[in-house]
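K.L.:
Handing you a structure now.
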Amino acid sequence: MAKHVNLERRRQAIYGWLLLSPAAVLLTTFAFYPSLATLWTSLFSRETRRRPSEFVGVENYSDLFADPTFWTVVQNNLIYAAATIPISMAIALAMALWANSKIPARGFVRTAYFTPTVLPMIAAANLWLFFYTPGLGVLDQIGSLFGLPSVNWLGQPETALWAVIIVTIWKEAGFFMIFYLAALQTIPEDLKEAADIEGASRWTYTRRIVLPLLMPTTLFILVNALINSVKLIDHLFILTKGGPNDASKLILYYIWEMAFAFFDAPQAAAMTILVLAVLGIVAGIKFTILDKRTHYQ
Amino acid sequence: MSVLLRHLESFGALLLAVIWISPLLFAFWAAFHATTDAVNFNLTAPWTLENFRTAWDGAPWLRYFLNTFMLVTVILIGQFIVTTLAGFAFAQVRFPGRDIVFILVLMQLFILPEVLIVENYVMVSRLGLFDTILGVGMPYMASAFGIFLMRQAFKGVPIELHEAARIEGCGWFGILWRVYVPLARPTYLAYALVSVSTHWNNFLWPLIVTNSPDTRPLTVGLSIFGAPENGVDISIISAATMMSVAPLLVAFLVFQRQFVQAFLRAGIK
């Protein structure tokens, strides 16, 4: 009997690993190995025709820290995150509350909010180009109605990053709305009735009951928004190419530029490792603190 | 007071909706008008298909459409196979090391393929897959998100069905194929919608891995077509943009409910 159980257990182990093998091979090839390879590359010098690549320790990192463009890019990305995350989340919440309440043309409203989500970032950038173009663009035309001068939104350092941020918010908010909307629909009706009987205003109900119940969703969206603030850079290729003067350059775009325009793989690798470290910290926080704290349903 | 507030809120909701949809509406309108009319907001100008004609002749769009279509299909098939097998292993098979491996898989949610572009480019070139559709698709096939989704779906299947199938003489594969896969159909549909819309829209990785019109997907083709140095004017860019988003956008408007549900299902579980 014991032998039989043992055999069954071994069989299960073999099946398990067999079933897992395609995923394991692919994940190793395209996620785990490249991560380690990136770390490895970041410790070697750049290979040139005259000099082969050699081990340089943390030199690539110290070069990076000495590079003023790197700090500009980091600062840009921090602004990008600090602006897109809270604003798109707040708009998403407002959208969800509205799309969930009894308003006229609710179907249209929901569709309008969600539609940007199904567009490619490249297409979104093209649409917004029509708004931002100096002189001819929609924004300038509206501005000229009020006698405002023409502004080169994408061409001047003060506004380029913000123009990019607005496109990201436009693209993201409807996506996040969906998660809030789903969470709102799981809130039982009796809570609303109880609040009505107690004479609580709608505002009190929203603030004291709805928002706390949305907490897990908010944290879920927050993690997604954090990841997006690294990932969403496609529109830079159309709108600004990181310019003018690096004013709208974000980290992932800089990594791309470093590797595929300047052909400096070790520098790109060093930067990639730093991004992975940040994402690792986000993952750590998500899996340890948030997952334990937020399960109160 | 509260009635006034309610009206104000409805107005706000509608205003936001109009603002949100306006970039798309403007581009749609501009795509059907001559450039000079579009930039002057000449609302009475005649409608024209000329921009579409010019845009269509300006790039091998049919090829791009085909490439994107093949790309999302290849990715979807790969994902279905890989995530079904792995999801089943995590949900229903007991083997040593399962939990540790599962945590490793979840880590991949944070090791974004987008961030690893440099080394993945080296890897894809080494495998001889540079400038192939398979090369664009492969890094996405073992999606941790998909594995997680399938695991959740398979965990919800009653064990009695599993036992019954086994007593009837079904092997592991038979049980998976005849019991689990059919019962997880809604999850597959949801996952398919999310996957197709993600990869239809993906840009950075295909930009790096493709190098010819024979493999280039729509997004990359569109970015090259619309590049400012090509000096294409705004109405034509709008027409090209409308063309490349049309299939997904129309599908979304028709199957809106399913789309939204798919994103919900994918996000919440």
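K.L.:
Taking into account only those residues within region B:116-132 that are surrounded by fewer than 23 Cβ atoms within 10 Å (Cβ to Cβ), assigned to a helix (DSSP H, G or I) and touching a helix residue (DSSP H, G or I) at 6+ places or on another chain (Cβ under 7 Å), which is farthest from the other protein chains (Cβ to nearest Cβ)?
P.N.:
Top of the filtered list is B:Tyr121.
K.L.:
To continue, here is another question. Identify all residues within region B:141-179 that are under 30 Å from B:Glu114 (Cα atoms) and more than 14 Å from chain A (Cβ to nearest Cβ); write none if there are none.
P.N.:
B:Gln152, B:Ala153
K.L.:
Let me ask another. Looking only at region A:55-77, how many residues end up being surrounded by 15 or more Cβ atoms within 10 Å (Cβ to Cβ) and either farther than 25 Å from A:Val164 by Cβ or not assigned by TED's automatic domain parsing to the domain that holds A:Ile165 (or both)?
P.N.:
5
K.L.:
Select from region A:199-223 the residues that are in a helix (DSSP H, G or I) and among the polar types (S, T, N, Q) and write down the one among them that is surrounded by the fewest Cβ atoms within 10 Å (Cβ to Cβ).
P.N.:
Step by step, filter region A:199-223, then rank; the result is A:Thr204.
K.L.:
Condition check: aromatic (Phe, Trp, Tyr) and within 12 Å of another protein chain (Cβ to nearest Cβ). Does B:Tyr191 satisfy that?
P.N.:
When the stated conditions are applied, B:Tyr191 does not pass them.
Residue-wise test of (1) closer than 21 Å to B:Ile234 by Cα; (2) modelled with pLDDT of 90 or more.
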{"position": "A:Gly137", "(1), (2)": "yes, no"}
{"position": "A:Ile142", "(1), (2)": "yes, no"}
{"position": "A:Ala160", "(1), (2)": "yes, yes"}
{"position": "A:Ile165", "(1), (2)": "no, yes"}
{"position": "A:Ile169", "(1), (2)": "no, yes"}
{"position": "A:Pro188", "(1), (2)": "no, no"}
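K.L.:
Got a sec? Which of A:Tyr15, A:Tyr33 is surrounded by fewer than 18 Cβ atoms within 10 Å (Cβ to Cβ), at pLDDT 85 or above and not assigned by TED's automatic domain parsing to the domain that holds A:Gln267?
P.N.:
After applying the criteria, what remains is A:Tyr33.
K.L.:
Taking A:Phe263 and the conditions (1) modelled with pLDDT of 85 or more; (2) part of a loop (DSSP other than H, G, I, E, B); (3) among the aromatic types (Phe, Trp, Tyr); (4) under 29 Å from B:Leu104 (Cα atoms), which numbered condition does it fall short on, given that it satisfies the others?
P.N.:
(4)
K.L.:
In region A:203-223, how many residues are more than 25 Å from B:Glu119 (Cβ to Cβ), touching a residue at least 24 places away in the same chain (Cβ under 8 Å) and in contact with a helix residue (DSSP H, G or I) (Cβ under 6 Å, 6 or more places away or on another chain)?
P.N.:
So the count comes out to 4.
K.L.:
Hey, another quick one. Just the residues that are hydrophobic (A, V, I, L, M, F, W, C), at the interface with another protein chain (Cβ under 8 Å from one of its Cβ atoms) and not in a loop (DSSP other than H, G, I, E, B), please, taken from region B:199-219.
P.N.:
Answer for region B:199-219, where residues must be hydrophobic (A, V, I, L, M, F, W, C), at the interface with another protein chain (Cβ under 8 Å from one of its Cβ atoms) and not in a loop (DSSP other than H, G, I, E, B): B:Trp200, B:Leu204, B:Leu207, B:Ile208, B:Leu218.
K.L.:
Also, quick follow-up: Of all residues in region A:171-180, count the ones that are in contact with a Leu (Cβ under 9 Å, 6 or more places away or on another chain) and more than 7 Å from chain B (Cβ to nearest Cβ).
P.N.:
So the count comes out to 5.
K.L.:
Regarding B:Leu218, is this residue in contact (Cβ under 8 Å) with a residue 40 or more places away in the chain, surrounded by 20 or more Cβ atoms within 10 Å (Cβ to Cβ), farther than 30 Å from A:Gln185 by Cβ and in contact with a Phe, Trp or Tyr (Cβ under 6 Å, 6 or more places away or on another chain)?
P.N.:
Here the answer is yes, as B:Leu218 does meet what is asked.
K.L.:
Let me ask something else about it. Have a look at A:Val118, A:Val138 and point out the one that is surrounded by fewer than 24 Cβ atoms within 10 Å (Cβ to Cβ), within 13 Å of chain B (Cβ to nearest Cβ) and more than 27 Å from the chain's Cα centre (by Cα).
P.N.:
None of the other options fit; the residue is A:Val138.
K.L.:
Now a separate question. Having 2 or more residues that are charged (D, E, K, R) is the bar; report the helices (runs of 4 or more DSSP H) wholly within region A:75-163 that clear it.
P.N.:
Passing ranges, in order: A:106-114.
K.L.:
Can you name the residue in region B:233-255 that is crowded, with 18+ Cβ neighbours inside 10 Å and among the β-branched types (Val, Ile, Thr) and is also nearest to the chain's Cα centre (by Cα) among such residues?
P.N.:
Looking at the filtered set, the residue picked out is B:Val245.
K.L.:
Can you tell me how many residues in region A:141-162 are closer than 13 Å to A:Thr240 by Cα and either surrounded by 12 or more Cβ atoms within 10 Å (Cβ to Cβ) or in contact with a Cys (Cβ under 6 Å, 6 or more places away or on another chain) (or both)?
P.N.:
Of the residues in region A:141-162, 10 are closer than 13 Å to A:Thr240 by Cα and either surrounded by 12 or more Cβ atoms within 10 Å (Cβ to Cβ) or in contact with a Cys (Cβ under 6 Å, 6 or more places away or on another chain) (or both).
Matching residues to (1) in contact with a Lys or Arg (Cβ under 8 Å, 6 or more places away or on another chain); (2) in contact (Cβ under 8 Å) with a residue 24 or more places away in the chain; (3) assigned to a helix (DSSP H, G or I):
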site	(1), (2), (3)
A:Ala225	no, yes, yes
A:Ile238	no, yes, yes
A:Asn245	no, yes, no
A:Ile255	no, no, yes
A:Ala270	no, yes, yes
A:Val278	no, yes, yes
A:Ala283	no, no, yes
A:Ile289	no, no, yes
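K.L.:
Something else about it: So which residues in region A:190-226 are within 23 Å of A:Lys286 (Cα to Cα) and either touching a Cys at 6+ places or on another chain (Cβ under 8 Å) or of a type in the set (A, V, I, L, M) (or both)?
P.N.:
A:Val210, A:Leu211, A:Leu213, A:Leu214, A:Met215, A:Leu219, A:Ile221, A:Leu222, A:Val223, A:Ala225, A:Leu226
K.L.:
Give B:Pro186, B:Pro182 a once-over and let me know the one that is loosely packed, with under 15 Cβ neighbours inside 10 Å, at pLDDT 90 or above and away from every other protein chain (no Cβ under 11 Å).
P.N.:
Sole residue among the options that is loosely packed, with under 15 Cβ neighbours inside 10 Å, at pLDDT 90 or above and away from every other protein chain (no Cβ under 11 Å): B:Pro182.
K.L.:
Kindly indicate which of A:Leu97, A:Leu154, A:Leu64 is closer than 30 Å to B:Val39 by Cα, of a type outside the set (D, E, K, R) and within 27 Å of the chain's Cα centre (by Cα).
P.N.:
Residue meeting the stated conditions: A:Leu154.
K.L.:
I'd like the full set of residues that are under 14 Å from B:Glu114 (Cα atoms) and not in a loop (DSSP other than H, G, I, E, B), limited to region A:227-236.
P.N.:
A:Ile227, A:Asn228, A:Ser229, A:Val230, A:Lys231, A:Asp234
K.L.:
I'd like to check something: does region B:36-49 contain any residue that is under 20 Å from the mean Cα position of the chain (by Cα) and surrounded by 14 or more Cβ atoms within 10 Å (Cβ to Cβ)?
P.N.:
Within region B:36-49 (the criterion being under 20 Å from the mean Cα position of the chain (by Cα) and surrounded by 14 or more Cβ atoms within 10 Å (Cβ to Cβ)), the answer is no, since none of the residues qualifies.
K.L.:
Could you go through region B:70-79 and let me know if any residue there is more than 11 Å from chain A (Cβ to nearest Cβ), within 24 Å of B:Leu189 (Cβ to Cβ), surrounded by fewer than 21 Cβ atoms within 10 Å (Cβ to Cβ) and out of contact with any helix residue (DSSP H, G or I) (no Cβ under 7 Å at 6 or more places or on another chain).
P.N.:
Looking through region B:70-79, at least one residue is more than 11 Å from chain A (Cβ to nearest Cβ), within 24 Å of B:Leu189 (Cβ to Cβ), surrounded by fewer than 21 Cβ atoms within 10 Å (Cβ to Cβ) and out of contact with any helix residue (DSSP H, G or I) (no Cβ under 7 Å at 6 or more places or on another chain).
K.L.:
Anything in region A:37-68 that is farther than 18 Å from B:Glu114 by Cβ and not in a loop (DSSP other than H, G, I, E, B)? List them, or say none.
P.N.:
Passing the criteria: A:Trp40, A:Phe44, A:Phe55, A:Glu59, A:Asn60, A:Tyr61, A:Ser62, A:Asp63, A:Leu64, A:Phe65, A:Ala66, A:Pro68.
The values are calculated or read from the model by the stated rules, or taken from the named source; none is laboratory data. Only a predicted model underlies this, so the values are computations on that prediction, with no experimental measurement involved. When we count neighbours, we look across all protein chains shown, and the Cβ atoms used for this are built from the backbone with ideal geometry, even at glycine.
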